[in-house]
Amino acid sequence: MIARLHFADPEYLWLLLLIPGAIAWYWYRIRHYSVPVQISSTAAFKSSSRGWKHYARYGLFGLRMLSVTLLIVVLARPQTNMNRQDISVEGIDIMLATDISSSMLAEDLKPNRIEAAKQVAVEFISSRPDDRIGLVVFSGESFTQCPLTTNHAMLINLYKDINCGMIDDGTAIGDGLATAVNRLKESKVKSKVIILLTDGINNMGSIDPQSAAEMAELYGIRIYTIGIGTIGTALFPVRTQFGMQYQRMEVQIDEALLQKISALTNGKYFRATNRQKLQEVYKEIDRLEKSKIDVTEFNRKKEEFLPFVILALILLTLEFVLRFVVLKLVP
């Protein structure tokens, strides 16, 4: 809760401009005002010193000016405005399903598809601190690399550790999707999302991709699909008797299948032909899937003139005591 001081009637503060004028008039009066007295000689006064009572007279005027200043502030009605904001954040549960088949070593994205995908996904994870995010990887089969978590530092480290060849080669899109659905189906949040990234055609696995998408629809899970790879040909790694070599081959992505999966779950399909496009894809998904934030504002005004009134009365009382009791000045 934040308290801010302001004035309900600030126009009265213009009266403070009278204070410098009063001080100037007082100073002029004590310098030029004198009472004529006839005496034979001033020699007797030359050796006399001025006591504290002489200077205390000036203090009386200072007390009067401070009192007037405080009373002007009271007229302006100082108030504090108490502001409070109650913010509740409802995060989104997101599973990243990432293809780690050998074709992800193709170098049409630099340094290669898998490394570019990891770097951009890490940026996406870092930009969503309020969401639970998990990771599923798939090639010939699938497994959960990281369950849903808000420990994004751990997730990022696990994401950086994935590499092609961790599991049998192939592209089991259905299995990867089904594993991600299984991780999200028990979630109680209102918004559940799968971001599936692949560069190939489903050719492995025991679960049909469409059946996995129907499971996602049943549990209210939205799927965004990303086809990663240039249009045309790219350098692919090929294992030969001389070791791993790169050959230029045609890029084949089952875009019709990915579009169907997304459409079935009210998601969207994207094609990332280079690293910049991939970054733009994740930024668009970030815009589409914003966390729900509820903000409740509370305002309360409180009058704060009483301390100024009390202080002004204390100063006026002090002036009265000094003037008529201590200094015994004649009114």
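The values are calculated or read from the model by the stated rules, or taken from the named source; none is laboratory data. Keep in mind that this is a model prediction, so the values were computed, not measured. Neighbour counts are summed over all protein chains in view; Cβ atoms, including those assigned to glycine, are modelled from backbone coordinates with ideal geometry.
Descriptive notes on the structure:
- Sole residue being at pLDDT 95 or above and either outside any helix (DSSP H, G or I) or surrounded by fewer than 18 Cβ atoms within 10 Å (Cβ to Cβ) (or both), chosen from Thr69, Thr144: Thr144
Conditions tested, residue by residue: (1) at pLDDT below 75; (2) in a loop (DSSP other than H, G, I, E, B).
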{"site": "Leu17", "(1), (2)": "no, no"}
{"site": "Tyr26", "(1), (2)": "no, no"}
{"site": "Pro36", "(1), (2)": "yes, yes"}
{"site": "Phe45", "(1), (2)": "yes, no"}
{"site": "Leu60", "(1), (2)": "no, no"}
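- Identity of the residue in segment 153-183, in a loop (DSSP other than H, G, I, E, B) and in contact with a strand residue (DSSP E or B) (Cβ under 6 Å, 6 or more places away or on another chain), that ends up farthest from Asn112 (Cα to Cα): Ala172
- Take the conditions (1) in a strand (DSSP E or B); (2) farther than 15 Å from Asp99 by Cβ; Glu214 misses just one of them, which is (1).
- Flag for Tyr246 being surrounded by 18 or more Cβ atoms within 10 Å (Cβ to Cβ) and not basic (Lys, Arg): no
- Unique residue being modelled with pLDDT of 95 or more, surrounded by 16 or more Cβ atoms within 10 Å (Cβ to Cβ), touching an Asp or Glu at 6+ places or on another chain (Cβ under 6 Å) and under 26 Å from Ala263 (Cα atoms) when the list is Ser139, Ser187: Ser139
Yes/no matrix, rows are residues, columns are (1) in contact with a Phe, Trp or Tyr (Cβ under 8 Å, 6 or more places away or on another chain); (2) in a loop (DSSP other than H, G, I, E, B); (3) at pLDDT below 90:
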position: Gln245; (1), (2), (3): no, no, yes
position: Lys260; (1), (2), (3): no, no, no
position: Phe270; (1), (2), (3): yes, no, no
position: Leu278; (1), (2), (3): no, no, no
position: Asp294; (1), (2), (3): no, no, yes
position: Ile310; (1), (2), (3): no, no, no
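- Candidate set: segment 108-122, residues that are of a type outside the set (S, T, N, Q) and either touching a Phe, Trp or Tyr at 6+ places or on another chain (Cβ under 7 Å) or free of Cβ contacts under 8 Å to residues at least 24 places away in the same chain (or both); chosen: the one farthest from Val281 (Cα to Cα): Pro111
- Subset tally (residues that are under 20 Å from Ser101 (Cβ atoms) and outside any loop (DSSP other than H, G, I, E, B)) for segment 185-209: 6
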